[in-house]
Every structure is written in C-alpha cells, then in structure tokens.
Amino acid sequence: MSLLIVGTVAFDGLETPFGVREKILGGSALYGSLSAALYTDDVQLVSVVGGDFLASDIQLMADKGINVDGLEVIADQKTFFWKGKYHTDMNSRDTIETQLNVLENFVPKVPESAKSCDIVLLCNLVPAIQMMALKAMNKPSLVVLDTMNLWIDNTLEDLLAILREVDVLTINDEEARLLSGEHNLVKAAEGIKAMGPSVLIIKKGEHGALLFGPEGRIFFAPALPLADVVDPTGAGDCFAGGFVGHLAQTNDFSFDNMKRALMEAATMGSIAVEAFGPERIFEVTHEEVRARRALFTDLAQVN
C-alpha cells in the first residue's frame, strides 16, 4: 500500500550526556519516512526546507527509497532549526533555540501522485497545517496523527478539529492526561477516542506503549531495556513510522495486525535512540531490524 508522510524536515542542534552535534539532519517527517521505508517501498514525503538544505542531503533521503517530490525547497529562506539539551535521565530536555524559518508560512503542497495514497501519517506539526494536508487527499483508507502538548495548550480547537478526521492518534502518557483531563489512562483513552480516533496509542517511554482499540480492546508493547541511550530525538517519529510502515506492508488494518505494528513501532523506536539524530536509522539494515524485533518477541513471550 502507498504511504504519505507529512511533517518537518529540519536541522537540529543536540546536546546529550553522550556528546554534542551542532547541526544534524532532523524533523518529524525525516525520521518517520526513514523508519517506514524499512518496511515498504512506496513512501512519499511532504515537507519544506530552505536553500541551505543541501541537494546531497535530499539525495540521502531518496537513496533510502523515499519519494521526495513533495519536498518543497524555498531557496531564499532557511530550514527550520531546533536546538535542545537533554538531562542525565534522558527523559527531560530544554529547548535552547527554535528558528521557524520556512515553517512560519508553510502550506503543504501534496503532489498529484501522492493524493491517492492509502495511508497518511500526519507527523507532529501545527494542527492547522495537518488539516490542510489532509484536505488535499482523496479519501485515504487510514489516517494516523501524532501531536504534542504544545498544540494541546495553544491550538486546542484546531487539534480537536483534526482529531475528528483521523483513525489513529499517537500521543504520550502526559499528553493523554492533558488532552483528556483524566489521570487514569484507561479513562483517558476512552475520552480521547470519543473525540474522533477509533484507535489510540499511548507511549510511555522506557515503560512501553499501550494500544487502545474498539470495544475496549487493549494491547501492551514493552520497551526493550537498553544499556546505552545516546539520543532520544526522533524516537517517537521512528515509532510512528514503524507502525504505519508495517500496516502499509501488510495491507491489514485489523486490531490484531495493529498489535503487530505496535511491536514494529517499538522496535524502530529502540533502534533510533542508539545514536545521534537519524544516524542509526540511516545505517540500520533489514537484518538488524528483524533481529531487534526478535528480541521483543523473546521479551514479551511466555511459553
């Protein structure tokens, strides 16, 4: 099945206890697309960059099987830039600098070839921009949306509008509580599903992820214990990319297959954190992905 991913392509400045990267490729659509492309060969990307984004960097994405026809280049502007510093526990971070640049007036341009994609992943982005991209589509079979506390706090009306149009929402536990007003995650999930999505994924970081489906069905995917977490930037986007990538590969939207997709999502998230930015995702092989997935099976399986 064909897959469209809408989000940011950016430059990041990163500082973690393991080191510093002054300028590295980043952005939600970049991470999500790289992850999904490990599962399916029909991934199209819609985003925007500035004239400072190198043609060689775009080629790196194309070489990984990502169709970049929907990547707009605005030559006289700069690419979105974010700089952050992670604390020792790697669960909290400080934003040091944000330069919106080309994102300030971004209107997503969906190529004709992408308008009939079967699955749409709306990566973390301003909800109004997510809605513009979705309205350009020709009735996709499945729409998956990622969001964050910034949009819950500042653009709630727009977020609620897009939630009415999506099938799956992925969000972390703190954001689920904020959006629903419920502390208990089961009650939070039911409240959020009443807003529109029939399926909800609540990510709990190092404590795994919960999948809430129709008729009260729930599934839990564990997180793999890792000795070294180098950089968590983009892990959630790789998680989402693995989820939709598996669904596109298998052409099956059943809850049972979404359970398998959640395990693939957890697999990709665990790989992403092992190096700075997208470095690990750029180099990982299909064989390594399968081997990591097998570790998750061993972790969760009881004979």
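The values are calculated or read from the model by the stated rules, or taken from the named source; none is laboratory data. A quick note: this is a predicted structure, and the numbers were derived from the prediction, not measured. All Cβ positions, even for glycine, are placed from backbone atoms using ideal geometry, and neighbour counts span all protein chains on display.
Which number in (1) of a type outside the set (S, T, N, Q); (2) under 30 Å from Gly13 (Cβ atoms); (3) touching a Pro at 6+ places or on another chain (Cβ under 8 Å) marks the one condition that Ala300 misses?
All conditions pass for Ala300, except number (2).
State the number of residues belonging to segment 171-184 that are assigned to a helix (DSSP H, G or I) and touching a strand residue (DSSP E or B) at 6+ places or on another chain (Cβ under 6 Å).
Count: 2.
What is the residue count in segment 125-170 for residues that are part of a loop (DSSP other than H, G, I, E, B), among the polar types (S, T, N, Q) and within 24 Å of Gly213 (Cα to Cα)?
The total comes to 2.
May I ask you to list the residues in segment 134-155 that are acidic (Asp, Glu) and either surrounded by 14 or more Cβ atoms within 10 Å (Cβ to Cβ) or under 20 Å from Tyr31 (Cβ atoms) (or both)?
If the condition is that a residue be acidic (Asp, Glu) and either surrounded by 14 or more Cβ atoms within 10 Å (Cβ to Cβ) or under 20 Å from Tyr31 (Cβ atoms) (or both), then Asp146 is the only one that fits.
Quick check on this structure: which one of Val289, Val199, Val186 is in contact with an Asp or Glu (Cβ under 7 Å, 6 or more places away or on another chain), aliphatic (A, V, I, L, M) and touching a residue at least 24 places away in the same chain (Cβ under 8 Å)?
Going through Val289, Val199, Val186 in turn, the sole match is Val199.
Kindly provide the set of residues from segment 199-213 that are outside any loop (DSSP other than H, G, I, E, B) and of a type outside the set (A, V, I, L, M), ordered by number.
Answer for segment 199-213, where residues must be outside any loop (DSSP other than H, G, I, E, B) and of a type outside the set (A, V, I, L, M): Lys203, Gly205, Glu206, His207, Phe212.
Name the single residue that is farthest from Glu174 (Cα to Cα) among those in segment 88-125 being modelled with pLDDT of 95 or more and β-branched (Val, Ile, Thr).
Val110
If I go through segment 220-234 residue by residue, how many of them are farther than 17 Å from Gly19 by Cβ and in contact with a Gly (Cβ under 8 Å, 6 or more places away or on another chain)?
4
For every residue, the table says whether it meets (1) over 18 Å from the mean Cα position of the chain (by Cα); (2) without any contact (Cβ under 8 Å) to a residue 60 or more places away in the chain; (3) buried (at least 17 other Cβ atoms within 10 Å of the Cβ).
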position	(1), (2), (3)
Met1	yes, no, yes
Ser35	no, no, yes
Ala62	yes, yes, no
Ile66	no, yes, yes
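Might you check whether a residue that is polar (S, T, N, Q) and either within 20 Å of Ala227 (Cα to Cα) or buried (at least 23 other Cβ atoms within 10 Å of the Cβ) (or both) occurs anywhere in segment 284-303?
Yes; the residues of segment 284-303 include at least one that is polar (S, T, N, Q) and either within 20 Å of Ala227 (Cα to Cα) or buried (at least 23 other Cβ atoms within 10 Å of the Cβ) (or both).
Condition first: buried (at least 17 other Cβ atoms within 10 Å of the Cβ) and of a type in the set (Lys, Arg). Now tell me which residues in segment 206-263 satisfy that.
Arg260
Where in segment 1-43 are the strands (runs of 3 or more DSSP E), entirely inside, with at least 1 residues that are modelled with pLDDT under 95, hydrophobic (A, V, I, L, M, F, W, C) and at negative phi?
Counting at least 1 such residues, we get 10-16, 19-26.
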